[in-house]
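Only one structure is covered here, and it is reproduced in the block below.
The values are calculated or read from the model by the stated rules, or taken from the named source; none is laboratory data. Keep in mind the model is a prediction, meaning the values are calculated, not measured. Glycine gets a Cβ as well: all are built from the backbone with ideal geometry, and neighbour counts include every protein chain shown. For the accessible areas, the whole protein counts, side chains as well, though only heavy atoms, and no ligand, DNA or RNA atoms are used. Shrake-Rupley method; radii C 1.70, N 1.55, O 1.52, S 1.80 Å.
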Amino acid sequence: MNYRHAFHAGNFADCMKHALLLWLLDALLRKPAGVLVLDTHAGVGAYDLSSSEALRTGEHHGGIARLIDHPPLVLQPYVSLVTRLGLYPGSPTLIRAQLRPQDRLACCELHPEDAATLRARFSRDQLVSVHERDAWEALGALLPPAQLKRALVLIDPPYEAADEFTRVSQGLIRGLSRCRFGVFAAWYPVKHRAPVREFHRVLRESGTRDIVTAELWLRAPLDASRLNGCGLVVINPPFGFEDAARGLLAALLSRLGHGEHGEGFAVERLVDE
Ligand SMILES: C[S@@+](CC[C@H](N)C(=O)[O-])C[C@H]1O[C@@H](n2cnc3c(N)ncnc32)[C@H](O)[C@@H]1O
């Protein structure tokens with residue numbers, strides 16, 4: 001457990017993940033019935049972009065800092081939420097800001113210090129529960145939601161372990177077996193193509209239906225040592241996700257791209273409904 005999100009908060013990958021996540025959440029919240037959001041790898045919930053960790057990498061300069069002033073229209077809901085929340089918000093804080101009284105947020109974080117920080121952040125919040133527990137085990141234990149009929153699951157692991165893609169595909173399949181109706185979104189890095197192709201193949205051949213992938217690349221994914229792009233695989237996406245994702249990714253690229261060879265985005269249907 002060496003990964004600390006404070007070094008990466010606000011980078012281009014965070015912006016991509018959070019902009020798509022908020023669209024998914026907003027789509028689910030259009031209906032009155034309550035929703036459980038399960039954030040399996042939650043982090044600490046908010047990040048100081050002037051901290052020594054953030055300054056050491058400066059990654060947010062290539063991400064949120066390029067969006068804050070005059071964001072493209074489709075990114076305005078996301079960027080105005082980031083601005084309104086003060087300290088740069090992680091996924092639990094962004095999700096919590098959108099919840100209605102009938103919704104719930106369950107956060108899992110395995111790092112003891114980070115789990116304690118997150119628990120303190122939401123200590124008086126009736127809508128949020130924080131679990132210091134393993135995400136992969138929680139996908140079986142916390143699903144299906146006890147009283148709610150709808151669910152959004154965000155899976156956002158650090159990809160420190162060599163077999164993280166395998167764990168994500170197994171986690172998705174496990175989660176779906178417990179909660180068939182859930183919308184599942186899993187973030188993944190695009191460094192080079194081979195592991196991503198294999199990840200997609202496993203999902204395609206898993207028997208799971210209704211899978212869409214959205215990817216953003218800042219350069220051709222050829223160098224396995226660099227985060228050249230990232231993706232979000234979405235299972236059971238709400239109606240309109242593919243068009244919305246194209247609009248969001250185009251807007252993100254227009255601000256975050258550097259004109260490098262191979263930059264681009266794609267939204268593809270991996271498996272039909
Ligand atoms: C990429 S960060 C999460 C960022 C957060 N989702 C956001 O968008 O603000 C991944 C987090 O997962 C935690 N983590 C790593 N392995 C885990 C596991 N097996 N179960 C739960 N949390 C884990 C790490 O400590 C880290 O805080």
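Tell me, what is the FRET efficiency for His261 and Arg209 to the nearest 0.05, using R0 = 25 angstrom and their Cβ-Cβ distance as r? Let's see the in-between values first.
Details: r = 36 Å, r/R0 = 1.43.
The computed FRET efficiency comes out at 0.10.
What residues of segment 142-171 lie in the reach of a label at Ser177, counting those whose backbone N is under 15 Å from a point 7 Å from the Cα along Cα→Cβ?
From segment 142-171, the list is 142-144, 167-171.
Mind checking Rg over Rh on the chain, alpha carbons, Kirkwood formula for Rh?
Ratio value, two decimals: 0.93.
At a threshold of 8 angstrom on Cα-Cα distance, excluding pairs fewer than six apart, so keeping six or more, what relative contact order does segment 5-271 reach in percent? It would help to have the intermediate numbers written out before the result.
On the way: 489 pairs, mean separation 56.3, N = 267.
RCO, segment 5-271: 21 percent.
Tally the DSSP beta bridges in segment 5-271 and give the antiparallel ones as a percent, rounded to 5.
Numbers: 23 of 40 bridges.
Percentage antiparallel, nearest 5: 60.
For segment 116-273, what is the Kirkwood estimate of the hydrodynamic radius, computed as the reciprocal of the mean inverse distance between distinct Cα atoms, to one decimal in Å?
Working: mean 1/r = 0.0588 Å⁻¹.
Across segment 116-273, the inverse of the average 1/r is 17.0 Å.
List the residue ranges in the chain for DSSP H helices whose C-alpha atoms run 15 angstrom or more along the long axis and whose Kyte-Doolittle average is -0.5 or above.
The answer, listed by residue number, is 12-28, 164-178, 241-256.
With θ set to phi - 60° and the Karplus curve 6.51 cos²θ - 1.76 cosθ + 1.60, what are the ³J(HN,Hα) couplings of segment 218-231 in order, to the nearest whole Hz, using x for Gly and Pro?
For segment 218-231, the Karplus curve yields 8, 7, 4, x, 10, 9, 5, 9, 10, 7, 7, x, 7, x Hz.
Quote the FRET efficiency, to the nearest 0.05, computed for Arg201 versus Arg246 with a Förster distance R0 of 35 Å and r equal to the Cβ-Cβ distance.
Numbers: r = 24 Å, r/R0 = 0.67.
That gives a FRET efficiency of 0.90.
When the accessible area of the chain is computed with all protein chains present and a 1.4 Å probe, what percentage of it is carbon and sulfur?
Working: 6300 of 12170 Å².
Here carbon and sulfur together make up 52 percent of the probe-accessible area.
Accessible area per residue of the chain at 1.4 Å probe, in Å²? Kindly include the intermediate steps, with their values, before the conclusion.
Details: 12170 Å² over 273 residues.
Accessible area per residue: 45 Å².
Could you order Thr40, Thr166 so the one with the most accessible surface comes first? Probe is 1.4 Å.
Values: Thr40 5, Thr166 70 Å².
Highest to lowest solvent-accessible surface, that is Thr166, Thr40.
So which lysines pass the test for Lys191, namely a Cα distance under 18 Å, with those fewer than 8 places away in the same chain ruled out?
Straight-line reach from Lys191, under 18 Å: Lys17.
At a temperature of 10 °C and a viscosity of 1.306 mPa s, determine how fast segment 1-103 diffuses translationally according to Stokes-Einstein, using the Kirkwood radius over alpha-carbon pairs as Rh; express D in µm²/s, rounded to the nearest whole number. Don't skip to the end; give the middle numbers.
On the way: Rh = 14.3 Å.
Rounded, D is 111 µm²/s.
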